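Here, each number is a calculation from the coordinates, and none is a lab measurement. No experiment lies behind these values; they were computed from the predicted model shown. Quick reminder, even Gly has a Cβ in these numbers, built from the backbone with ideal geometry, and neighbours come from all protein chains shown.
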Amino acid sequence: MRPILLVAVAAAGLAVGSPPSAEAQDAATAGEVGSPVVRPATDQLGIDDLIEDVTAPTDPGLAGAIDPLADPLADPSATDPAVPSAGAAATGTAPAAQPNRRPALRPTLGSVVRPVPPVEPLKPIAGGAPVAINTEEAARSAYEPLGLRVRTFTILSSATSTLGWSSNPGGAPDGEGAAFWGLKGDVTARSDLDGGGIDLALRGGVRDYLGGDAELEPSLEATADGRLDLTEVDRLTAGARYAFRKDTGFSIETPAGQGVDIHTLSATAGYARSAGLIGVTLKGALDRTIYDGDDRDDTALSGTLRLSLDSGAVLEPFAETSVFARRPDRTVDENGFRRSSVGAEAKLGTAVDTGLLTGEVAVGYGTEVLEDDRLDPLRGMILEASLAWAVTPLTTVTLAADTSFETSRLAGASGSITRSVSAGIAHALKPNLILDLGGALSFQDYGGVNRSVATVAVRAGAAWRLNPSVELTLTATHEVEDSNVSGEDTRETTVEAGVTVRR
């Protein structure tokens, strides 16, 4: 028995210590050179291996490949003359869709009873209007103001000095031209907090003419808007606004040769809920308008209810209804009419957000009935819109429409309905050079009397940003106002150059 065990142990020792066979050596050599090697599950490539494989190729044939970590804004023509420069051809991709955080909480279009500023042809789109991504966005952001961070607020400010000339600064049928200078300032502050936020803005300016009978034109606006998220789907909003402007233009509502100072104070409060398929928005507004120099001072109170269909689609249809009441300070005006009124409006529309096209559009019908039976009710169609379309990363098209019911001091006139529409296009020739064109059309129709005024305005402008802090602007506008009353037509052409300093 012992000899058998000794023989077994010796055989096992020979098996362990013997070299591999020739066939095994050939198989191992083949696996190192060309055969696929199957790694065990515990031997996976790490992130350091991947970075090393990408950034440090050892194959000499890859020496001319593009470095994946190179600056995307670098001009390839700087190192390779065969590659055309960035300015030789427009490049870029479609803008990525912006996330829609809370589609049911979009701001609603204003009520027809609320005071609206005069229609302007087209304002330059701040910050380079085109929506850009990748290299376009990075190149344009180099000319954006840095702003100032104070606690939770991001503050942006600007000051603009202008010189220009107007062919008819007073807006009179037989007005004379005059040069002018102007100053404008703008400060905005935004704070985004968990569960809410606040936006503050202060804007103002003055324009003074260097000849003629035109008066000094000051303006001021201060706004504050806050939001508070009660839950994931419930939000409260509140806002306040003060605006001041001097109406120096020719108007049948303005006493001859007198400018009218107009003060507007507004307060709003709202609630929005975006749970489930149906979104609900409630909003109340109080507006106080004061006219220095005549008896049109009044207070308006309005309430709005909107129901929206949020199915997650690009279009979000909605139905909206509003009621309002207007009370002048004087029970009976200078012509013996009682001008207190009540009114209502109803609209159907849709909000849209495709990433390239965003905004709202609505149509409806509104009416305002005055207390005095001798004054005809104001009734008419309503059109409201606010749309922005990023055609390309370099070009943006905007469209706006508005309808407002306005008071009047004319004997027998129950008021007027003003409908306006404007469109504009802005194109970035370079990241710091923006050109824009625009036009506006408005039509004011009086109720109870045979009077109407049509206004057409066109505008062209250019903005050249030297750096994030300094911008040069040049604009030209032409406005034609035609009235159906003989002798009230006016024309005005304005050219203006400005320098803006921003922070």
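Does Asp298 satisfy the criteria of being under 25 Å from the mean Cα position of the chain (by Cα), closer than 25 Å to Asp372 by Cα and crowded, with 18+ Cβ neighbours inside 10 Å?
Working: under 25 Å from the mean Cα position of the chain (by Cα): no; closer than 25 Å to Asp372 by Cα: yes; crowded, with 18+ Cβ neighbours inside 10 Å: yes.
Against the criterion (under 25 Å from the mean Cα position of the chain (by Cα), closer than 25 Å to Asp372 by Cα and crowded, with 18+ Cβ neighbours inside 10 Å), Asp298 does not qualify.
Residues in segment 152-198 that are more than 28 Å from Leu236 (Cα to Cα) and either among the basic types (Lys, Arg) or not in a strand (DSSP E or B) (or both): Ser167, Asn168, Pro169, Gly170, Gly171, Ala172, Pro173, Asp174, Gly175, Glu176, Gly177, Lys184.
Within segment 284-300, how many residues turn out to be in contact (Cβ under 8 Å) with a residue 40 or more places away in the chain and assigned to a strand (DSSP E or B)? Can you show your working first?
Of segment 284-300, the ones in contact (Cβ under 8 Å) with a residue 40 or more places away in the chain are 285, 287, 289, 294-296, 298, 300.
Right, trim to assigned to a strand (DSSP E or B) and you get 285, 287, 289, 298, 300.
Within segment 284-300, residues that are in contact (Cβ under 8 Å) with a residue 40 or more places away in the chain and assigned to a strand (DSSP E or B) number 5.
Filtered by the rule that a residue be among the β-branched types (Val, Ile, Thr) and surrounded by fewer than 16 Cβ atoms within 10 Å (Cβ to Cβ), segment 281-291 gives a lone residue, Ile290.
Given the criteria farther than 28 Å from Val280 by Cβ, among the aliphatic types (A, V, I, L, M) and in contact (Cβ under 8 Å) with a residue 60 or more places away in the chain, does Leu370 qualify?
On the way: farther than 28 Å from Val280 by Cβ: yes; among the aliphatic types (A, V, I, L, M): yes; in contact (Cβ under 8 Å) with a residue 60 or more places away in the chain: no.
So Leu370 does not fit the description; no.
Of all residues in segment 199-249 being of a type in the set (Val, Ile, Thr) and part of a strand (DSSP E or B), which is nearest to the chain's Cα centre (by Cα)? That would be Thr223. The residues of segment 201-233 that are surrounded by 15 or more Cβ atoms within 10 Å (Cβ to Cβ), more than 30 Å from Val480 (Cα to Cα) and free of Cβ contacts under 8 Å to residues at least 40 places away in the same chain, listed by number, are Ala201, Leu202, Ala222, Thr223, Ala224, Asp225, Gly226, Arg227, Asp229.
Out of the residues in segment 336-354 that are closer than 9 Å to Phe324 by Cβ and not small (Gly, Ala, Ser), state the one that is surrounded by the most Cβ atoms within 10 Å (Cβ to Cβ). Among residues in segment 336-354 that are closer than 9 Å to Phe324 by Cβ and not small (Gly, Ala, Ser), the one surrounded by the most Cβ atoms within 10 Å (Cβ to Cβ) is Glu345. The set of residues in segment 301-314 being in contact (Cβ under 8 Å) with a residue 40 or more places away in the chain and assigned to a strand (DSSP E or B) consists of Ser302, Thr304, Arg306, Ser308.
Answer yes or no as to whether Gly461 is buried (at least 19 other Cβ atoms within 10 Å of the Cβ), of a type in the set (Gly, Ala, Ser), at positive phi and touching a residue at least 40 places away in the same chain (Cβ under 8 Å). Explain how you work it out, then say what you get.
Values: buried (at least 19 other Cβ atoms within 10 Å of the Cβ): yes; of a type in the set (Gly, Ala, Ser): yes; at positive phi: no; touching a residue at least 40 places away in the same chain (Cβ under 8 Å): yes.
No.
For segment 315-340, which positions are without any contact (Cβ under 8 Å) to a residue 24 or more places away in the chain and among the small types (Gly, Ala, Ser)? Passing the criteria: only Gly336. Filtering segment 156-173 to residues that are under 27 Å from the mean Cα position of the chain (by Cα) and buried (at least 18 other Cβ atoms within 10 Å of the Cβ) leaves Leu156, Ser158, Thr162.
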